[in-house]
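K.L.:
Once you've had a glance at the structure underneath, I'll fire off some questions.
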Amino acid sequence: GNSVTQMEGPVTLSEEAFLTINCTYTATGYPSLFWYVQYPGEGLQLLLKATKADDKGSNKGFEATYRKETTSFHLEKGSVQVSDSAVYFCALTGGGGSNYKLTFGKGTLLTVNP
Amino acid sequence: DAMVIQNPRYQVTQFGKPVTLSCSQTLNHNVMYWYQQKSSQAPKLLFHYYDKDFNNEADTPDNFQSRRPNTSFCFLDIRSPGLGDAAMYLCATSNLLAGETDTQYFGPGTRLTVL
């Protein structure tokens, strides 16, 4: 079945540092890939997505590129802010599995210090 | 703005006392989902409605039920809450077309406490 493996946290950075959160997946075919962000006490917000190989999703300074050859979808941001402190989930649907069921990674807690 | 709304945001119930959580959406999406999320874990899908068609996950306890009276509303009923049911409950929607994958949009969640 499908699975998502993402970088174990927690990750602690200083403001304006570069962020990478690694995400790799296992799926047959071509899944759709997502990054969701969850701020403390809140629901999940869609951060970005990509639906086919070599697509780059981007939003709010975050980027991730769908790499079929390495089955990866790493999240990056050039300069993090304190307000980016949250839990980040990598997820997928489709790809030989269900078109509706999200398969999540375990989440990565990011803390950004001023 | 089109959105997914959950009420209440915080719910306290007693052990064994039935509780209902509600979700509404203005997105006119055909699929509504309920997830359970425990502390420091990823959300776990309980069930979903594709239009009026109810789909239960195999490992969802019978204690959890759901109703979708119309496109906009979906309810999660916990018949006899146990201490282990304390969690964040997330509602999500998507506009899933046959044979395609689509994006799920989440509400803010209801934090359930069981005393």
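K.L.:
Along Cα→Cβ, 7 Å out, is where each label goes; now give me the distance between the ones at residue B:12 and residue B:52 in nm to one decimal.
P.N.:
4.0 nm
K.L.:
While we're here: Hey, how many Å between the Cα centroid of the stretch A:67-90 and the Cα centroid of the stretch B:35-107?
P.N.:
Cα centroid to Cα centroid, the span is 26 Å.
K.L.:
Then there's this: Over 28 Å between Cα atoms: which of A:52/A:106; A:52/B:52; A:49/A:106; A:68/A:106 fall into that group?
P.N.:
Details: A:52/A:106 23 Å; A:52/B:52 30 Å; A:49/A:106 18 Å; A:68/A:106 21 Å.
Result: A:52/B:52 exceed 28 Å.
K.L.:
Looking at the P(r) of the stretch B:40-97, how many percent of alpha-carbon pairs lie beyond 16 Å?
P.N.:
Values: 784 of 1653 pairs.
In whole percent, the share of Cα-Cα pairs in the stretch B:40-97 beyond 16 Å is 47.
K.L.:
Oh, and also: Please work out the Kirkwood hydrodynamic radius for chain B, using every pair of different C-alpha atoms, and report it in angstroms with one decimal place. Write out the running numbers ahead of the final one.
P.N.:
On the way: mean 1/r = 0.0704 Å⁻¹.
About 14.2 Å, per the Kirkwood formula over Cα pairs.
K.L.:
Let me spell out the model: positive unit charges on the Cβ of Lys and Arg, negative unit charges on the Cβ of Asp and Glu, origin at the Cα centre of the stretch A:1-57. What dipole size does that give, in debye rounded to 20? Don't jump to the answer; show the numbers that get you there.
P.N.:
Values: 3 positive and 6 negative charges, 58 e Å.
Charge dipole, the stretch A:1-57, about its Cα centre: 280 debye, nearest 20.
K.L.:
Compute the Rg to Rh ratio over the stretch A:45-104 from the alpha carbon atoms, using the Kirkwood formula for Rh, and round to two decimal places.
P.N.:
Values: Rg = 12.5 Å, Rh = 12.7 Å.
Reported Rg/Rh, Kirkwood definition of Rh: 0.98.
K.L.:
For residue B:97 paired with residue A:15, estimate the spin-label separation in nm (one decimal), with each label point 7 Å from Cα along the Cα-to-Cβ line.
P.N.:
The answer from the label model is 4.5 nm.
K.L.:
Let me ask something else about it. Arrange the following residues from fewest to most other Cβ atoms within 10 Å of their Cβ: B:10, A:36.
P.N.:
Numbers: B:10 10, A:36 25.
Taking fewest neighbouring Cβ atoms as first place, the list is B:10, A:36.
K.L.:
Further question on the same structure: According to a simple spin-label model (label point 7 Å from Cα along Cα-to-Cβ), what is the distance in nm between residue A:76 and residue B:60?
P.N.:
Result for the modelled spin labels: 4.0 nm.
K.L.:
Let me ask another. Which of the listed residues, A:28, A:62, A:18, is farthest toward the dipole's positive end in chain A, when Lys, Arg count +1 and Asp, Glu count -1 at the beta-carbon?
P.N.:
So the residue we want is A:28.
K.L.:
Next question, about the same structure. I need the phi-derived Karplus couplings for the stretch A:50-55: 6.51 cos²θ - 1.76 cosθ + 1.60, θ = phi - 60°, integer Hz, Gly and Pro marked x.
P.N.:
Along the stretch A:50-55, the couplings run 8, 10, 8, 3, 6, 5 Hz.
K.L.:
Ranked highest first by the average count of other Cβ atoms within 10 Å around their residues, in what order do A:64-74, B:51-61, B:31-41 fall? Please report the intermediate quantities before stating the final value.
P.N.:
On the way: A:64-74: 17.0, B:51-61: 11.5, B:31-41: 18.8.
The densest-packed peptide leads the list: B:31-41, A:64-74, B:51-61.
K.L.:
When the dipole is taken about the Cα centre of chain B, and only Lys, Arg (+1) and Asp, Glu (-1) are charged at their Cβ, what size is it in debye, to the nearest 20? Display every interim value, and only then the final one.
P.N.:
Numbers: 9 positive and 10 negative charges, 96 e Å.
Here chain B has a charge dipole of around 460 debye.
K.L.:
Exposure proxy check: B:13, A:93 ranked by fewest other beta carbons within 10 Å? Don't jump to the answer; show the numbers that get you there.
P.N.:
Details: B:13 17, A:93 26.
Taking fewest neighbouring Cβ atoms as first place, the list is B:13, A:93.
K.L.:
Against the empirical 2.2 N^0.38 Å scaling, what ratio does the C-alpha Rg of chain A come to? Numbers along the way, then the final one.
P.N.:
Working: Rg = 13.5 Å, N = 114, 2.2 N^0.38 = 13.3 Å.
Against the empirical 2.2 N^0.38 Å value, I get 1.01 for chain A.
K.L.:
For the protein assembly as shown, count the residues as N, evaluate 2.2 N^0.38 Å, and divide the Cα radius of gyration by that value, please.
P.N.:
1.02
K.L.:
Another question about this same structure. Applying the Karplus parametrisation 6.51 cos²θ - 1.76 cosθ + 1.60 with θ = phi - 60° to the phi angles of the stretch A:11-16, what ³J(HN,Hα) value in whole Hz is obtained for each residue in order, glycine and proline being reported as x?
P.N.:
Those phi angles translate into 10, 10, 10, 8, 3, 6 Hz.
Bear in mind these aren't lab numbers, they're just calculated from the coordinates by the rules spelled out. Keep in mind that what you see is a predicted model, and the values were worked out from it rather than measured. FYI the Cβ positions are ideal-geometry reconstructions off the backbone, even for glycines, and counts take in every protein chain you see.
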